[in-house]
Amino acid sequence: MYSYTLHAPAKINLFLEILGDRPDGFHELVMVLQSIALGDEITVRANGTDDIRLSCGDSPLANDATNLAYRAAQLMINHFPQAHSQYGGVDITLTKHIPMAAGLAGGSADAAAVLVGLDLLWNLGLTRPELEQLAAQLGSDIPFCIGGGTAIATGRGEILDPLPDGDCFWVVLAKHRSMEVSTPWAYQTYRQQFGKNYLNDDQSQRARRKTIHAGPLLQGIQHRNPGQIASHIHNDLEKVVLPAHEAVAQLRQALQSAGGLGTMMSGSGPSVFTLCQDQATAEQVLAIAKEKLNDPDVDFWLTHTIGHGIQIIDH
């Protein structure tokens, strides 16, 4: 029986701007996405049956079709019935390290790993664009998670334009263990409060995207300038999440005052990260923030940015 074990990195948002509404009900976005070394481990193994069997270990995640990893396997079966008939079903073992409901694309990374794993297991030979096209049917972050690294994402997040790798940071991540922020709530609340400012014609949105492409954040990434990158990170969703969740705002303030280059909430939160230029500084920032907060409900992670997405660990 063949098997592949893969590393599925989390992502942080270095930039998230909401441009306006889309006809499909989603928001038109411009984001800069960055992979980090913190990741889940996924093993896909041929099981000699026709079934998908998902095991999530100690995680409270469901092991049925509500789980993105399961849905990724089902999508592959639907698209490649002959390969499924030839190679059979799959056992998926998921070992979680990415905190759940944290704005770090943990579920998306797991689904991306299943797509890559089944492509390998079934000898499909799919290209990265083909895998990304499949991934877009499951969720907006999943195409990025396939190849990872650093990319500007537009549309609802599924249209990717790779950037030079921003793998020049150490990252301190923090999240309240007991807290979740609903992504639909965050976007709906943003629409309610700021929808009057939306750019809802194509020409205005194109002009804004062009401005961001030529802006200081992308210039910093092009020139691998950590200070310039960190001073221009931005997340529109902070405008609604921080006022509604004081604990997230306090966590952000604690990390910001601990000495990193730049601090921000990732995605719709509630995780917060701060960027550091080296490991020693990151360790110091983590220690200071932990002491400032003195909150047993807050978990911390020390990681770093990386230039890749899904990778094979073992075969």
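Structural remarks
- Likely footprinting exposure, C56, C145, fewest C-beta neighbours within 10 Å first: C56, C145
- Mean-square fluctuations from a GNM of the chain, with a 10 angstrom spring cutoff on Cα atoms, peak among L33, L14, L242 at L242.
- Span-like helix ranges in the chain, DSSP H, alpha carbon extent 18 angstrom or more, Kyte mean at least -1.0: 106-121, 279-293
- Projection of the Cα convex hull of region 1-152, averaged over all directions and equal to a quarter of that hull's surface, yields 9.1 nm².
- Cα gyration tensor shape for region 82-165, rounded if a/c is under 1.5, else prolate or oblate: oblate
- Theoretical gain in end-to-end length, S182 to D202 [0.36 nm per residue, Cα-Cα removed]: 4.4 nm
- Taking the fewest neighbouring Cβ atoms within 10 Å as the starting point, the ordered list for S178, S108 is S178, S108.
- Computed over the chain, the P(r) tail beyond 26 angstrom holds 46 percent of alpha carbon pairs.
- Separation of the K210 and F300 label points, Cα + 7 Å toward Cβ, nm: 4.6 nm
- Under a Gaussian network description of the chain, with springs only between Cα atoms under 10 Å, the residue in Q192, Q205, Q284 that fluctuates furthest is Q192.
- In a DSSP loop and with at most 12 other Cβ atoms within 10 Å, the chymotrypsin sites (Phe, Trp or Tyr not before Pro) in region 1-106 are Y2.
- What you get for the chain, charging only the Cβ of Lys and Arg (+1) and of Asp and Glu (-1), is a dipole of about 660 debye around the Cα centre.
- The chain: Lys pairs at Cα distance under 29 angstrom, eight or more positions apart or on different chains: 17
- Cα shape, region 170-304, gyration tensor, a/c 1.5 rule: oblate
- Full-stretch length increase - H308, Q74 - with 0.36 nm per residue and alpha-carbon distance subtracted: 81.7 nm
- If you run the Gaussian network model on the chain, springs between alpha carbon atoms under 10 Å, then out of S257, S85, S140 the most flexible one is S85.
- Taking every DSSP helix (H) stretch of at least 4 residues in the chain, weighting each as -39,500 (n - 2.57) and dividing the sum by the residue count yields a mean residue ellipticity at 222 nm of -11000 deg cm²/dmol.
Each value in this text was obtained by applying a stated rule to the coordinates, not by laboratory testing. Not measured: the values here are computed from a predicted model. Heads up, the Cβs are rebuilt from the backbone with ideal geometry, glycines too, and the neighbour counts pull from every protein chain shown.
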